[in-house]
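Peer 1: Okay, here's the structure, questions in a sec.
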Amino acid sequence: MRRSAAPSQAGKDSPTQVKSLISSSQINVSKAFCSPLTQSLKRTRNSGKDNPKAKLRSLRKADENNEIVYPSNHEEIIKQLSKPYICPIPNYEGAQSTKNLGIRRAQPKRALYDPNMPNALVLYTPPPQTLHDKLKNEKDVLVHVVVDPQLGNILRPHQREGVKFMYDCVTGIQIPDYYGCIMADEMGLGKTLQCITLLWTLVRQGPQAKPIISKGIIVCPSSLVKNWYNEINKWLGGRLPSVMIDGGPEVKKKVTQFMQGQGRMAIPVLIISYETFRMQAEILHGSEVGLVMCDEGHRLKNCENQTYRALMGLKAKKRVLLSGTPIQNDLLEYFSLIHFVNEGLLGTSSEFKKKYENCILRGQDSTATDLEREKAVAKITELTTIVNKCIIRRTSALLTKYLPVKFEMIVICQLTAYQKQLYLNYINSEAIKRTILDSEKGEKSKGTGGTSSLASITTLKKLCNHPDLILDKIQEGGEGFEKSQNILPPKRGTNDVRIELSSKLIILDYFLANLKSTTDEKVVIVSNWTQTLDLFEQLWRRRGYQYVRLDGTMTIKKRAKVVENFNKPDSTDFIFMLSSKAGGCGLNLIGANRLVMYDPDWNPANDDQAMARVWRDGQQKPCYIYRFLTAGTIEEKIFQRQTHKKALSSTIVDMNEETARHFSVAELRDLFRLENTESDTHDKLRCKTCLNKIPIKNPPEEADCTSDLSQWFHCWDKKGLADMVLKQIWTACPYISFVFHQKSAKQEVQKAIKFREEDEKENDSDYEEQDDPEDSDYEN
Ligand SMILES: [Zn+2]
C-alpha cells in the first residue's frame, strides 16, 4: 500500500484528486507550522475523508453508476501544472553547494550522542542556555560533543584524558589562537587509538552540530601506512573510509582527488608516507585541510630539512604530532617539534636558542656551577610551563595498572680472553689512532670525518657479540688486526659455533638451557645484526631448540603469520629472534614473557621499541627483560649515552630533576678505551650506596625501572636477584661481573584486565539513529 500519493501519480489516477491535494495542502499551511511530509503520513493513517484512496474508491463507485464525473476546471489545472516553475523569492540563486542528495528535515540542533549516557566521554559542553535564548536564535545554539560510544567504551582512563586534551588543543581551548599539540605518550599506551578517536570525532561532529573538519591527513613512515589503515578499520569497521598512498601508480590523481574534495567527503582521510608527501607537496599545498597528524613525529626534529618544510607548507591549522621520543639529542630538536604544531609559540629558532637552550645545556654539564644549575632549572620550569599546555606525555609506568610485574636486568659481563686480546690490539692499533685524530678534526669543523670512526665502532660492537662476526678481517690481518691473526683457535668446519669465544654467547647458552629445563616459557632474542642471528641459528640447531626468525627481509604479510603462530599457547617454538633493525613497531609478542637484548643500540628508542614487544597489552605472566653488556667496552659506553639522551628527554618532558645530571660530555668522547672494571656504568654513577662492592642500602621503595640507575638494585653477586634463572647461571658462569636490576612499579590491579574484547554492545539507539540517514549522502 502506498503511504502517500505524490501529486504527479495522483494526477494520473484521477484529476479530482489533484484538487483535493491542493486544497488539503492549503489547509496545512493555515495550520500551525509542521512538516508537510509528516502531515500526509498522518492523513493516510487516519484514513479520514481527505484520504486519496477513499476518494478513489468513491470515484470508481460513481463510474459504476454511469455518472459522468468531470471537473469543470480540468484544463485550468493542466495549464497550471504545465507552467514552468518560478521561484517566488526575487533574485534567489539557490544554494551554493551542490549537495542535493536527500533533503534534511529541519530539526533542533542536538548532540550526535547522548552526553548523559553512562560512561559518555564529553569533549565539549555548551554554556548553559535558557529556553528563551534557544528560541531567540536557533543558529547560535551549541551542542555537546560526545565521543562515539563504540570508541568511548573501549578507551582506558588515560586514553580518555588524552583524547580530551588533544580536542582542547586542536580547538584552541588549551592555548588561544594555537591549534596544535604533541601526543608523546610512551609506547604501549595507545597513541594510535587516541588519535583515531579524535579524528573520527572531528569529521563527524562539533559544537555547531556539524563536523569541525571535512578531511584529515595522516602522515607516517611508509612502513606504517598500512598499519594506520588497518587500525582505523579495526576500531571503526569501515565507518571512517580512508585512502592510503605510498608511491605506486596514480599517486598524483589520488592526491589531487582528495585535495579537491570539499564538504562531506566520501573518503575523508588520507594516509600518506613522508616520502610521498614530500614529492606531492605542491598538490597538497593546494587547498585547506582540517587536520594533519604526523606519526613518528620525531622525523620533524630538524626544521631545516625538506620533509619539515613540505609539511610546514600544508594549509592545516590543526596539527597533531605523535612521538614516543620527543627529544633525541638536543633542545633545538624539541623546538622544531613545538614550532611545527604551534608556530611562533616559542618564538623563532634563534630566539629560542638565546632564551632557553644555551642556559639549560650549561646547567646540565657535570662541570656546571651551582648558580648555573639553578638558572637552568628556572629556565626548564619556565619552558615546561609553556609547552606543557600543548604536550601530553604519560610514561608506560601507567601500564603497571593493567600488566603483570616486569623485571629489568642489565647483565654486565667480562670479555673472554680471546675477545679482550683482540679488543686491546684493535684499539691500540695505528688505524684507531688515525680514526680518533680524524674525528677530533671533524668535530672541530662540525660533522664530516665521522665515517671511519663509525666503521671502527661497528667492528668493536661485533667483536663484543662474537669474534666470528669479523673473522674475515681478523684472519686477513686487516686494519687494526695486524697483530691478531694468531689469537683465535682454528675453526673446525663452517658449522662450528665456537661458543667459548664470546662471553655473552656463553651466558645466553646457559640461560636458555636453564630456562628450557625449568619452565615452559618462551623467549624473544633481539640483536642489531642479522649476522648474530645467523650465528644463533647454528647454535639452536645444535641444541635442538625450535625457533622463528624475523628480520628486514620478511614481508609484512608473512610477519603477521609468524607472530600469530608464535603467540599461540600450543606453539612449540621456544625462541623468537628479532633483528632490531627490522623495527619492532607494532609487533606483539606476548607469547613470550622473557626478552634478551643481546646488544645495545645508539638510539634508546629502538631498544625501548624492542623491549615493549613482550610487556604489553594482553601479557599475563611476569616479564623478565635482560640487557647484555660487556664490561668497560663500547657497549657500556653506548648504553651510557642512551641514558644521557633519556635524561635530557625526561628533564624537559617529564620534568624530572633527578635525571638531569649524568655523564659529562667529555666522558662520552673516550669510546675507544677499554676500562678494566666490573662495570664502567656503575663506576661512572659515583655510587654512594655500594661500599667495597657491597650495597649498604636498598633503593627507595617507590623506585621502579623508569628510575635513574642509581635507584636500581646493584648486585655484585647473585644475592638479592629476583630472577631464579639468572641466579642459577651466575653460579655457573664466571663472566658475569655486575647486574643492575629493578622492577616495574607496584601492581595496582592484581589481574591483567581484558578490556577491548568485552562490551561491543549496542548503545542508545535514539542518538545513533538520528545520524544514520546522513551517512548515505556523503558527496562523491
Ligand atoms: Zn652501587
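Peer 1: Under the 0.36 nm per residue contour assumption, what length would be gained going from the current alpha-carbon distance of E564 and H74 to full extension?
Peer 2: Numbers: separation 490, 0.36 × 490 = 176.40 nm, distance 7.63 nm.
Full-extension gain reported as 168.8 nm.
Peer 1: Quick one: if the Förster radius is 60 Å, what FRET efficiency do D177 and R492 give, using the C-beta to C-beta distance and rounding to 0.05? Present the calculation step by step, with values, prior to reporting the outcome.
Peer 2: On the way: r = 73 Å, r/R0 = 1.22.
Here the calculated transfer efficiency is 0.25.
Peer 1: Can you tell me which of 349-358, 275-284 comes out highest on packing, and rank the rest after it, using the mean Cβ neighbours within 10 Å?
Peer 2: Working: 349-358: 15.2, 275-284: 18.7.
Top of the packing list down: 275-284, 349-358.
Peer 1: A further question on this structure: Sort 636-643, 118-125, 178-185 for me by packing, meaning the mean count of neighbouring Cβ atoms within 10 Å per residue, highest on top.
Peer 2: Numbers: 636-643: 22.1, 118-125: 17.2, 178-185: 24.4.
So the peptides 636-643, 118-125, 178-185, ranked by packing, come out 178-185, 636-643, 118-125.
Peer 1: In Å and whole numbers, how far do the C-alpha atoms of segment 122-341 stretch along each principal axis, longest first?
Peer 2: Result, largest extent first: 55, 39, 32 Å.
Peer 1: Amide H to amide H under 5 Å from K522: which residues, 5+ apart in sequence or cross-chain, H placed 1.01 Å off N in plane?
Peer 2: Amide H neighbours of K522, under 5 Å, 5+ apart: N593, R594.
Peer 1: How far is it, in nm, from the label point at E275 to the one at R543 when both lie 7 Å from their Cα along the line to the Cβ?
Peer 2: Output for this residue pair reads 3.8 nm.
Peer 1: Grab the beta carbon distance between E675 and K621, set R0 = 51 Å, and tell me the FRET efficiency rounded to 0.05.
Peer 2: Details: r = 37 Å, r/R0 = 0.72.
Once rounded, the FRET efficiency stands at 0.90.
Peer 1: When you count, for each residue, the other Cβ atoms within 10 Å and take the mean per peptide, how do 558-566, 222-230 rank with the highest first? Mind dumping the intermediate values first?
Peer 2: Details: 558-566: 14.9, 222-230: 17.3.
With the highest mean Cβ count within 10 Å placed first, the list reads 222-230, 558-566.
Peer 1: Moving to a separate point now. Apply 1/(1 + (r/R0)^6) to the Cβ-Cβ distance of A513 and C687, taking R0 = 41 Å, and write down the FRET efficiency to the nearest 0.05.
Peer 2: Working: r = 33 Å, r/R0 = 0.80.
Using R0 = 41 Å, I get an efficiency of 0.80.
Peer 1: What is the spin-label model distance, in nm, from S571 to E702 if the labels are put 7 Å beyond Cα along the C-beta direction?
Peer 2: 4.0
We did not get these values from a lab; they are worked out from the coordinates using the rules stated. Everything quoted here is computed from the prediction, not taken from an experiment. Here the Cβ is made from the backbone with ideal geometry for all residues, glycine too, and neighbour counts use every protein chain on show.
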